1. Rounded if a/c is under 1.5, else prolate if a/b beats b/c, else oblate: with a ≥ b ≥ c from the C-alpha gyration tensor eigenvalues square-rooted, which is segment 19-67?
2. If you rank 20, 72 by how much accessible surface each has, with a 1.4 Å probe, what is the order from largest down?
3. Provide 87, 27 ordered by accessible surface of protein heavy atoms (probe 1.4 Å), highest first.
4. Let me cross-check residue 50: its accessible surface, 1.4 Å probe, with only protein heavy atoms counted, in Å² to the nearest 10?
5. Can you send over the solvent-accessible area of residue 41, 1.4 Å probe, protein chains only, in Å² to the nearest 10?
6. Rounded if a/c is under 1.5, else prolate if a/b beats b/c, else oblate: with a ≥ b ≥ c from the C-alpha gyration tensor eigenvalues square-rooted, which is segment 9-97?
7. Within segment 23-59, list the GluC sites (Glu not before Pro) lying in a DSSP loop whose Cβ has at most 14 other Cβ atoms in a 10 Å radius.
8. Out of the total accessible area of segment 17-114 (probe 1.4 Å, heavy atoms of protein only), what percent is carbon and sulfur?
Amino acid sequence: FKAPSRDHPALYRDLLRTNRVHWIAEEPPAELVREKMMECHFRFRHQMALVPCVLTLNQDGSVWVTLVKPARAITPGQFAVFYKGDECLGSGKILRIGPSVYTLQQGKNQEESPKKEEIDKIKPAT
């Protein structure tokens, strides 16, 4: 799929799943084990800004990552790296990605395509 522009909603996603996460200090963090969910930050490219997210722990040690706002060009095979403040918690390879913002909009607007104003309202993480 080639998107018509760099900022097309088809390039943005807010859900992904990793393989078993390699945790650095705690295997996995106590809060995640206790609550099954944990707020932290994430990035999947070295220079990108950290994006707030919620991790949901799966039985096999993998996590679902729900981003507070959609990020551009998340790709299976990249590594998701998790942070709490300045501390790197660990990382996992991205196995699956959720539907794009474009697909979700299409689902909401079965009878009409998303209007440019609606797309412009989405403030993506870069």
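The values are calculated or read from the model by the stated rules, or taken from the named source; none is laboratory data. Since we're looking at a predicted model, the values are computed, not measured. Glycine gets a Cβ as well: all are built from the backbone with ideal geometry, and neighbour counts include every protein chain shown. When the accessible area is computed, the model is the full protein with side chains, heavy atoms only, and any ligands, DNA or RNA have been set aside. Shrake-Rupley method; radii C 1.70, N 1.55, O 1.52, S 1.80 Å.
1. Numbers: a/c = 1.81, a/b = 1.59, b/c = 1.14.
Prolate, since a/c reaches 1.5 and a/b exceeds b/c.
2. The most accessible residue leads, giving 20, 72.
3. Numbers: 87 90, 27 120 Å².
Descending order: 27, 87.
4. My reading of the accessible area for residue 50 is about 60 Å².
5. Roughly 70 Å² of residue 41 is accessible to a 1.4 Å probe.
6. On the way: a/c = 1.64, a/b = 1.44, b/c = 1.14.
Prolate is the answer for segment 9-97, as a/c is 1.5 or above and a/b outweighs b/c.
7. 26
8. Details: 2960 of 5580 Å².
Exposed carbon and sulfur together represent 53 percent of the surface.
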